[in-house]
1. Within the range 87-121, which residues are among the polar types (S, T, N, Q) and under 12 Å from the mean Cα position of the chain (by Cα)?
2. Of everything in the range 1-60, what is farther than 20 Å from Gly118 by Cα and touching a Gly at 6+ places or on another chain (Cβ under 7 Å)? Give them in sequence order.
3. Being in contact (Cβ under 8 Å) with a residue 12 or more places away in the chain, touching a Phe, Trp or Tyr at 6+ places or on another chain (Cβ under 9 Å) and in a helix (DSSP H, G or I), is that true of even one residue in the range 42-58?
4. Are any residues in the range 68-127 within 21 Å of Glu16 (Cα to Cα), of a type outside the set (S, T, N, Q) and either in a strand (DSSP E or B) or in contact with a Cys (Cβ under 7 Å, 6 or more places away or on another chain) (or both), and if so, which ones?
5. Restricting the range 59-73 to residues that are of a type in the set (A, V, I, L, M, F, W, C) and touching a residue at least 24 places away in the same chain (Cβ under 8 Å), which is surrounded by the fewest Cβ atoms within 10 Å (Cβ to Cβ)?
Amino acid sequence: MVIVALDTNALMVPVELEIRIFEELELLLPSPEFVIPEPVLQELSSLKNGKGVASRAARVGLDLAKMRCKIIKTENAAADESFLELSYTSQIDYVVTNDLSLRDRLLGAGIPVVGVRGQNTLHIMEP
């Protein structure tokens, strides 16, 4: 089993890019267990109140997170920092994100990152 943490943008992918994120991750990784740091839940909650595709994506992402992910409390209030905190304490094996700066920081910290390649393909980037 591998522990896979999902960033806010990864949870919004089902609406924004029409990717069935959990099903694709289950094909890509062996026996994944999905987690999110609490700040991601807070980000989705604040984004869901807007209008348009982003708010609909956040609502769907929030529902998916509550159904499919274990929520992990972290000391950091910022989502990006919470992923680094979890990586430093060896609580996660992969992070799923399309955030380029977070991706680079995680790869620099030795954490593999799963991201979207092209329009609808997930791929693993190793440190």
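Readers should treat all values here as calculations from the given coordinates under stated rules, not as data from a laboratory. Quick caveat: nothing in here was measured; it's all calculated off a predicted structure. Every residue, glycine among them, receives a Cβ derived from its backbone with ideal geometry; neighbour counts consider all protein chains shown.
1. Thr97, Asn98
2. Leu44
3. no
4. Across the range 68-127, the qualifying residues are Val95, Val96, Val113, Val114, Gly115, Val116, Arg117, Leu122, His123, Ile124.
5. Residue satisfying both the conditions and the ranking: Ile71.
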